[in-house]
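Quick notes on the structure that follows.
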Amino acid sequence: MIEKIFPPGAPAPKGPYTPAVRAGDFIFLAGQVPPEPGDIKHETRQVLSNLKLVLEGAGASLADVAKVGVYLLDGADFAGMNEVYTEFFGDLKPARTTIVCTFMSKIRIEVDCIAWKPK
């Protein structure tokens, strides 16, 4: 059974998607984007804070994250993103893919993840 999760306090979707979906023991989070502009460190901090909120609303935490996808507009932002990413994930070190891509708007970073949290 697929359970759609709309955590209280988490940013409301601005499109036709669900913030998080539980499928068995896995929780899939939609990509999070920064709500306000700033440098890459500021935007990464916003995105990962929102990711953490959605995880908590789904009954999980950053410690339950198995896979992270990071999408950057500019590869030159990698070091700044990685510095803040380390503040959040530290020794947890989930598997991660980082992709440089073009977005359809002025988004500089988007992050999604998959967590494993048995019910």
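Have a look at the chain and give its Rg and Dmax from the Cα atoms, expressed in angstrom.
13.6, 41
Taking Cα atoms, how many degrees apart are the long axis of helix 78-89 and the longest axis of the chain, rounded to 10 and kept between 0 and 90?
On a 0 to 90 degree scale, this one is about 30.
Between segment 1-34 and segment 57-96, how many Å separate their Cα centres?
17
Please sort 96-106, 17-27 by packing, taking for each peptide the average over its residues of neighbouring beta carbons within 10 angstrom, highest first.
Highest-to-lowest ranking by the protection proxy: 17-27, 96-106.
Please sort 45-55, 64-74 by packing, taking for each peptide the average over its residues of neighbouring beta carbons within 10 angstrom, highest first.
45-55, 64-74
Values in this text are rule-based calculations from the coordinates and carry no lab data. Bear in mind that the values here come from a model prediction, so they are computed numbers and not experimental data. Positions of Cβ are generated from backbone atoms using ideal geometry, with glycine treated the same way; all protein chains shown enter the neighbour counts.
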